[in-house]
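Below: the structure, in structure tokens.
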Amino acid sequence: MKHLIPALLVLMAATPALACETYTVGDLTIEHAWSRATIGAGRPAVFYVEITNAGSVDDALVSIASPAAASPMLHETVVTDGIASMPHAMSIPVPAGQTLNLAPGGYHGMLMGLTTALNEGDSFPMTLTFQKAGDVTVNVEVLSLRAEGPDCVHAGQ
Amino acid sequence: MILGLGGAVGSVAFMVGLGAWRTRDIVPTDPRLPLPVTAMDWSLTDHRGATVTPANWIGRPVMAFFGFTFCPDVCPTTLNDISDWLEALGTEVERLTVVLISVDPERDTPAVLADYLSNFDPRIVGLTGSLSEVQKAAAGFRAMFEKLPRDGDYTMNHTAGVFLYHADGRFASIIDFHEDRRFAIPKIRRILT
């Protein structure tokens with residue numbers, strides 16, 4: 001019985017996925033960094049993340065870089081008159097006191113030139129560069145192609 | 001344009017309603033509306049290698065959308081939405097034909113589509129073919145797609161809505177990209193009856 005509680009704690013600590021890790025740089029909190037599995041390395045992968053700016057100064061996500069892909073780019077899915085297009089986003093605002101979501105159907109990272117196919121359960125590092133806060137490297141968890149986001153249960157929720 | 005379509009669908013339905021008791025004349029097709037399946041003309045290949053023409057769709061309600069497998073965001077999102085809707089509708093959708101028409105036939109061969117679709121609801125059929133046949137299909141739906149060169153590669157802009165058709169081939173409605181399932185599911189139910 002004595003060993004059961006520590007064992008449970010270890011299990012619980014291991015359960016939250018990588019995508020549920022939280023990173024901070026300056027006033028920014030970065031969490032829920034995830035991607036979808038790809039079919040082979042020939043097709044682009046996607047990158048989604050949530051960035052909260054708790055500060056009083058506006059910031060912006062200006063680039064992403066990863067050893068997993070030769071040319072990662074920031075894009076926005078825009079549907080105009082029913083037509084979906086994916087313009088390049090030079091810089092994505094992270095306004096003071098707000099949360100920026102890179103999420104399915106909106107802003108996202110497009111990872112072209114994958115080094116290797118992404119399989120569910122893999123993870124890879126991604127360096128996000130912010131105009132003011134600078135660089136932060138996060139772990140990106142690869143979820144299934146069917147995933148709509150990581151399933152995170154935060155302490156206190 | 002989608003909003004305009006909604007209005008057009010409403011007014012066509014109104015005209016049909018008005019005319020029904022007076023005449024049996026055929027209401028002229030609004031040029032902005034997708035054609036009925038019976039007026040379409042194309043021949044594509046499904047992800048199992050079989051030839052499919054509009055005639056194959058008659059007799060079953062149809063849910064069709066345009067996409068491509070190199071699309072990292074919109075297409076998996078739509079496929080996930082559709083897979084969720086099918087799951088929610090359960091056995092009601094047994095008769096439904098669900099189709100992804102590739103706007104990138106250059107890269108999307110039947111084998112590539114089969115590989116890609118194996119990740120989603122097994123009822124989703126992939127269609128591809130020659131560029132000219134895909135263009136004919138898009139014209140029938142009044143859908144649009146274009147190839148955009150990008151960093152030595154290319155991407156596609158394309159109509160993102162999901163088209164719904166009655167079993168007799170009449171156009172029913174469009175589910176907009178990422179439309180809330182509270183609206184999407186009743187739209188699908190309407191073509192199932």
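The values are calculated or read from the model by the stated rules, or taken from the named source; none is laboratory data. All figures in this text were calculated on a predicted structure; none of them were measured in a lab. A quick note on method: Cβ atoms are made from the backbone with ideal geometry, for glycine too, and the neighbour counts reach across all protein chains shown.
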Looking at region A:99-111, is at least one residue within 14 Å of another protein chain (Cβ to nearest Cβ) and farther than 22 Å from A:Thr52 by Cα? yes
Which condition from (1) within 13 Å of the chain's Cα centre (by Cα); (2) crowded, with 21+ Cβ neighbours inside 10 Å; (3) of a type in the set (Val, Ile, Thr) is the one that A:Thr22 breaks? (2)
Across region B:151-193, what is the number of residues that are within 14 Å of chain A (Cβ to nearest Cβ) and in contact with a His (Cβ under 8 Å, 6 or more places away or on another chain)? 0
Scan B:Ala160, B:Ala172, B:Ala184 and give me the residue that is of a type in the set (A, V, I, L, M, F, W, C) and under 22 Å from B:Pro105 (Cβ atoms). B:Ala160
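Do the conditions hold for B:Leu113, that is, is it at pLDDT 95 or above, out of contact with any Phe, Trp or Tyr (no Cβ under 9 Å at 6 or more places or on another chain) and within 13 Å of chain A (Cβ to nearest Cβ)?
Values: at pLDDT 95 or above: yes; out of contact with any Phe, Trp or Tyr (no Cβ under 9 Å at 6 or more places or on another chain): yes; within 13 Å of chain A (Cβ to nearest Cβ): yes.
Yes: the conditions hold for B:Leu113.
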Does region A:68-89 contain at least one residue that is surrounded by fewer than 20 Cβ atoms within 10 Å (Cβ to Cβ), away from chain B (no Cβ under 14 Å) and out of contact with any Asp or Glu (no Cβ under 6 Å at 6 or more places or on another chain)? no
